[in-house]
Amino acid sequence: MINKKILLIIGSVLLAAALCTATENQDKEFKFDPEASFAFYLSDKDLAEAKIKAVTGDAGAALKVALYYETVKRESASSYGWMYISADHGNVTAQLNMAHWHLYDKRFKNVKFAVYWLEKAKNNGSEKAKELLDKIKQPGTISD
């Protein structure tokens, strides 16, 4: 039987998914890549297993699910929710992706959230996060 904590996490994922619509690349619109789609394909069984692992604390599994939804299903809203779980569990790649969405997605831009995720990534040893934080602090570069 699924306990209340898992149901709460699943509910959070669904809420996050409902709030997000799409992502953009920093320099250009997101373009579908069939090769990437194939690389991140998960069978129904593998997807179900990865989701269970993700909601019980496996950041790598959550990232795997997020990438599946982004590249195979092309469902950015679902991808966002799973990316959030991965980032929240300490995955630096996911933290950087969350920051990227909040910096460059016109529909989801929020520099304060971006800084939050960049600080997390920097504290986990990411040099890229440190560089982006320095860039944000420069006048006239990135703002709300």
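Residues in the range 75-89: is at least one crowded, with 18+ Cβ neighbours inside 10 Å, of a type in the set (V, I, T) and without any contact (Cβ under 8 Å) to a residue 40 or more places away in the chain? So far as the range 75-89 goes, no, none of its residues is crowded, with 18+ Cβ neighbours inside 10 Å, of a type in the set (V, I, T) and without any contact (Cβ under 8 Å) to a residue 40 or more places away in the chain. When the helices (runs of 4 or more DSSP H) confined to the range 55-144 are screened for residues that are of a type outside the set (D, E, K, R), closer than 26 Å to S43 by Cα and within 10 Å of the chain's Cα centre (by Cα), those reaching at least 2 such residues are found at 59-67, 76-88, 92-104. Scanning the range 51-74 for residues that are under 25 Å from E119 (Cβ atoms), surrounded by fewer than 20 Cβ atoms within 10 Å (Cβ to Cβ) and either of a type outside the set (D, E, K, R) or modelled with pLDDT under 90 (or both) yields a count of 2. Candidates in the range 64-122 are the residues that are touching a Leu at 6+ places or on another chain (Cβ under 6 Å) and among the hydroxyl-bearing types (S, T, Y); of these, the one that is farthest from G140 (Cα to Cα) is Y68. Can you find a residue that is at pLDDT 90 or above and not aromatic (F, W, Y) anywhere in the range 25-38? No, that holds for no residue. Take the conditions more than 20 Å from D105 (Cβ to Cβ), modelled with pLDDT of 50 or more and loosely packed, with under 11 Cβ neighbours inside 10 Å and apply them to S43. Does it pass? Yes; evaluated as a whole, the condition is true for this residue. May I ask you to verify whether D105 is in contact with a helix residue (DSSP H, G or I) (Cβ under 7 Å, 6 or more places away or on another chain), acidic (D, E) and at pLDDT below 95? No: the conditions fail for D105.
The values are calculated or read from the model by the stated rules, or taken from the named source; none is laboratory data. Just so you know, these numbers come straight off a predicted model, no measurement behind them. So basically every Cβ, Gly included, is an ideal-geometry build from the backbone, and we count neighbours across all protein chains shown.
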